[in-house]
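A.B. asks: Just passing along the structure, written as structure tokens.
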Amino acid sequence: MKKLLSLLLLATFTVAPAFANERIVAEGSTTVLPVMQRTAEVFMNQNPGVNISIRGGGSGVGINSLIGGRNDIAMSSRAIRDSELRTAAERGVNPRATMVALDAIAVVVNNNNPVNNLTQQQVTDIFTGRITNWSEVGGESRAIVVISRDTASGSFETFNELALRGQRQSRRAMMQASNQSVAQVVSTTPGAIGYVGLGYLDRVKALSIDGIAPTAENVLNGAFPYARPLFVYTNGAPTGAAQRFLNFVQSAAGQRLAASLGYVPFN
Amino acid sequence: MNSFKERAFKYVFCVLAYCSLLFLLGIVLTLVFNSLQAILNINQLQFFFSDDWAPYFYPPIFGTLQLVISSFMVGAMACLIAVPIAVCTALFLFELASPRARAFLKPFIEILAGLPSIIFGFFAMVVIAPWLQRTFDLPSGLGAFTAAFTLAFLAIPQIVSITEDALSFVPKSFKEASFALGANRWQTLSKVIIPAAGSGISTAIILGASRVIGETMVVVMVAGGATALPESIFSPVRPMTATIASEMGEAAHGSLHFSALFEIGLMLFVITLILNLLATRISKKFRLKLGHGR
């Protein structure tokens, strides 16, 4: 269904109406991508004069391009870094954050893996390479295959901060370019463990952490440890069509769309 | 008028011909200038001989040995798979196949040559990787061998076509002389034609290797992407091209990380340059030997 939607969306862009007079380019985190695509689709139906084009690339790419003036909206699953703020200031760009939804990073395993719960310490030990076999955490005797995201990803950075607490990730970790490909690899690899946004759980099993499942309720009340807000950044406060679009994303209707994709609405 | 036209055309084509040279020069200069920061600020001994790559860590660590090893490991394995298949295919097509079999096979090899590498990547990710994983009971299907296996099929069409060229350079008289001496088909092929085309075949193999080492999309998708030194031929690895491709978007322009990626690019450029020079040299020698030299 998601694929069909994105295909439809693609088709919409290719035959973009000639009278579209306001064009917005959004780029960045593949975690934020689905909610922006869905809301943009609905928003463009209601506002035929606006053409929003959205692409992934990773949080770092989005922010870099915003600073370079190559997009209007940078999608990010992490807060902007000090170094990026400095570069932005040098170029006269003033990144302003707008929250678009809440998300949790779910730790996921293959559907056939009997393990259902890990402690935070176990997650840290697995991702830093101290625990290498599922039998050490109550599973069957099988080598653990750690799947991670490449360094351009905001999830990588957020996960490093929340779950690894600054320790180095195992060098055996296999780096994947998107949430989708982490889910794909985990779903086809019996011993795999990875982490993805809540919008990508259909083919894999999400683990409870310290007995707490990554559900909307647990994210909102702060019980789930690996939760975070998702942002978009604009140069200065958003104006014109971008402002109307982001207002829509934050509205009750926009947040309902986010919820339908597995995000946690804050409104 | 005619001579004016002729001169004008000559100059236009001359300028066009030098365009690619200019472009190449631009690429080399860009690579060198952007690498300077890394060359000056990173201990080069560590850059080439440390196997630890953690640019996001604080303080960042830039060691490329395992990336280079991964590139060569994947490249070598791909060649080991591709060369026998490709050379035998070329020999079959050129010497043994009936015109009908040839007309049937050739277009398929050409289609294979024209497929974008991302299609190979898809196929490898969805079909080859899960199959290898089940067959060899591996922890994961993505790894050096999967990448090499896929790249081999990417390189085969190229090796086949250059090998065919090399075979066609062997003068007909060689073959006729061999038959006249009473040699059979197999003896002619193995003792006369292959040695005569030998350096041409080596050229084909080297160019194939250089193509494989430079290929990016397939290794990003199926090589596994782990920065540890490979422990077996199935280990997930991250060759140089994959490292550049997956980190370039993130590295802030002008940062040390950005520059280090350019230095990897420069290394890659030098490696493929050496391979290509080697190929040109060998093929020149071989033309001289067969009396085609200038």
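The values are calculated or read from the model by the stated rules, or taken from the named source; none is laboratory data. As the structure is a computational prediction, the values presented were derived from the model and not from experiment. No Cβ is skipped: glycine too gets one built from the backbone with ideal geometry, and neighbour counts run over all protein chains shown. In case anyone asks, the SASA skips ligands and DNA or RNA and just uses the protein heavy atoms, side chains included. Shrake-Rupley method; radii C 1.70, N 1.55, O 1.52, S 1.80 Å.
A.B. asks: Would you mind telling me which numbered condition in (1) charged (D, E, K, R); (2) free of Cβ contacts under 8 Å to residues at least 24 places away in the same chain; (3) touching a strand residue (DSSP E or B) at 6+ places or on another chain (Cβ under 6 Å) A:Arg55 fails?
C.D. replies: (2)
A.B. asks: For the stretch B:14-34, indicate whether the set of residues that are of a type outside the set (Ser, Thr, Tyr), modelled with pLDDT of 90 or more and buried (at least 17 other Cβ atoms within 10 Å of the Cβ) is non-empty.
C.D. replies: The answer is yes; a qualifying residue exists.
A.B. asks: If I filter the stretch B:125-140 down to residues being touching a residue at least 40 places away in the same chain (Cβ under 8 Å) and within 10 Å of chain A (Cβ to nearest Cβ), which single residue comes out as farthest from A:Gln176 (Cα to Cα)?
C.D. replies: Filtering the stretch B:125-140 for residues that are touching a residue at least 40 places away in the same chain (Cβ under 8 Å) and within 10 Å of chain A (Cβ to nearest Cβ), the one farthest from A:Gln176 (Cα to Cα) comes out as B:Leu138.
A.B. asks: Go through the stretch A:122-164 and give me each residue that's within 12 Å of chain B (Cβ to nearest Cβ), open to solvent by 20 Å² or more (accessible area, probe 1.4 Å) and within 19 Å of the chain's Cα centre (by Cα).
C.D. replies: Hits for the stretch A:122-164 are A:Glu157, A:Asn160, A:Glu161.
A.B. asks: Before we move on, is B:Val212 modelled with pLDDT of 90 or more, more than 14 Å from chain A (Cβ to nearest Cβ) and in contact with a Gly (Cβ under 9 Å, 6 or more places away or on another chain)?
C.D. replies: yes
A.B. asks: Kindly establish whether A:Pro238 is in contact (Cβ under 8 Å) with a residue 60 or more places away in the chain, touching a Phe, Trp or Tyr at 6+ places or on another chain (Cβ under 9 Å) and not basic (Lys, Arg).
C.D. replies: Yes.
One line per residue, one yes/no per condition, for (1) assigned to a helix (DSSP H, G or I); (2) within 30 Å of B:Leu229 (Cα to Cα):
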{"residue": "B:Glu6", "(1), (2)": "yes, no"}
{"residue": "B:Val15", "(1), (2)": "yes, no"}
{"residue": "B:Tyr18", "(1), (2)": "yes, no"}
{"residue": "B:Gln37", "(1), (2)": "yes, yes"}
{"residue": "B:Leu45", "(1), (2)": "yes, yes"}
{"residue": "B:Asp51", "(1), (2)": "no, yes"}
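A.B. asks: Which residues, counting only those in the stretch B:37-68, are among the aliphatic types (A, V, I, L, M) and open to solvent by 70 Å² or more (accessible area, probe 1.4 Å)?
C.D. replies: Of everything in the stretch B:37-68, those that are among the aliphatic types (A, V, I, L, M) and open to solvent by 70 Å² or more (accessible area, probe 1.4 Å) turn out to be B:Leu40, B:Leu45.
Per-residue answers, yes or no, for (1) among the aromatic types (Phe, Trp, Tyr); (2) within 20 Å of A:Tyr263 (Cα to Cα); (3) part of a helix (DSSP H, G or I); (4) out of contact with any helix residue (DSSP H, G or I) (no Cβ under 7 Å at 6 or more places or on another chain):
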site	(1), (2), (3), (4)
A:Ala26	no, yes, no, no
A:Val35	no, yes, yes, no
A:Thr39	no, yes, yes, no
A:Asn45	no, no, yes, yes
A:Ser53	no, no, no, no
A:Gly56	no, yes, no, no
A:Gly60	no, no, yes, yes
A:Ile63	no, no, yes, no
A:Leu66	no, no, yes, yes
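A.B. asks: Pick out the one residue from B:Met240, B:Met217, B:Met248 that is more than 14 Å from every other protein chain (Cβ to nearest Cβ), of a type outside the set (Asp, Glu) and within 22 Å of B:Ile118 (Cβ to Cβ).
C.D. replies: Answer to the selection: B:Met240.
A.B. asks: Counting only residues that are open to solvent by 20 Å² or more (accessible area, probe 1.4 Å), within 24 Å of A:Pro225 (Cβ to Cβ), within 14 Å of chain B (Cβ to nearest Cβ) and touching a helix residue (DSSP H, G or I) at 6+ places or on another chain (Cβ under 6 Å), how many does the stretch A:177-205 have?
C.D. replies: 1
A.B. asks: For the stretch A:99-120, does any single residue satisfy the condition of being of a type in the set (S, T, N, Q), open to solvent by 30 Å² or more (accessible area, probe 1.4 Å) and within 14 Å of chain B (Cβ to nearest Cβ)?
C.D. replies: Yes, there is a match, as at least one residue in the stretch A:99-120 is of a type in the set (S, T, N, Q), open to solvent by 30 Å² or more (accessible area, probe 1.4 Å) and within 14 Å of chain B (Cβ to nearest Cβ).
A.B. asks: What residue, among those in the stretch B:151-195 that are surrounded by fewer than 19 Cβ atoms within 10 Å (Cβ to Cβ) and charged (D, E, K, R), is farthest from B:Gly214 (Cα to Cα)?
C.D. replies: Filtering the stretch B:151-195 for residues that are surrounded by fewer than 19 Cβ atoms within 10 Å (Cβ to Cβ) and charged (D, E, K, R), the one farthest from B:Gly214 (Cα to Cα) comes out as B:Glu176.
A.B. asks: Here's a follow-up. Taking the conditions exactly as written (of a type outside the set (Asp, Glu), at pLDDT 90 or above, open to solvent by 30 Å² or more (accessible area, probe 1.4 Å) and within 23 Å of the chain's Cα centre (by Cα)), does B:Pro107 satisfy them or not?
C.D. replies: For B:Pro107, the condition - of a type outside the set (Asp, Glu), at pLDDT 90 or above, open to solvent by 30 Å² or more (accessible area, probe 1.4 Å) and within 23 Å of the chain's Cα centre (by Cα) - is not met.
A.B. asks: Tell me whether the stretch A:71-80 contains one or more residues that are within 12 Å of chain B (Cβ to nearest Cβ) and over 26 Å from A:Gly222 (Cα atoms).
C.D. replies: Checked the stretch A:71-80: no residue is within 12 Å of chain B (Cβ to nearest Cβ) and over 26 Å from A:Gly222 (Cα atoms).
A.B. asks: Show the residue pairs that are 6+ apart or on different chains and have beta-carbon atoms under 6 Å apart, the first residue being within the stretch B:157-169 and farther than 16 Å from B:Ile282 by Cβ, the second being open to solvent by less than 10 Å² (accessible area, probe 1.4 Å) and aliphatic (A, V, I, L, M).
C.D. replies: Close Cβ pairs (under 6 Å, with a partner that is open to solvent by less than 10 Å² (accessible area, probe 1.4 Å) and aliphatic (A, V, I, L, M)) amount to B:Val160/B:Ala86; B:Val160/B:Ala90; B:Glu164/B:Ala90.
A.B. asks: Taking the options B:Thr188, B:Thr146, name whichever one is assigned to a helix (DSSP H, G or I), closer than 20 Å to A:Met175 by Cα, out of contact with any strand residue (DSSP E or B) (no Cβ under 7 Å at 6 or more places or on another chain) and polar (S, T, N, Q).
C.D. replies: Among B:Thr188, B:Thr146, only B:Thr146 is assigned to a helix (DSSP H, G or I), closer than 20 Å to A:Met175 by Cα, out of contact with any strand residue (DSSP E or B) (no Cβ under 7 Å at 6 or more places or on another chain) and polar (S, T, N, Q).
A.B. asks: Output the number of the condition that A:Ala89 fails; it satisfies all remaining conditions of (1) more than 12 Å from chain B (Cβ to nearest Cβ); (2) of a type in the set (A, V, I, L, M, F, W, C); (3) crowded, with 18+ Cβ neighbours inside 10 Å; (4) in a helix (DSSP H, G or I).
C.D. replies: Among (1) more than 12 Å from chain B (Cβ to nearest Cβ); (2) of a type in the set (A, V, I, L, M, F, W, C); (3) crowded, with 18+ Cβ neighbours inside 10 Å; (4) in a helix (DSSP H, G or I), A:Ala89 violates only (3).
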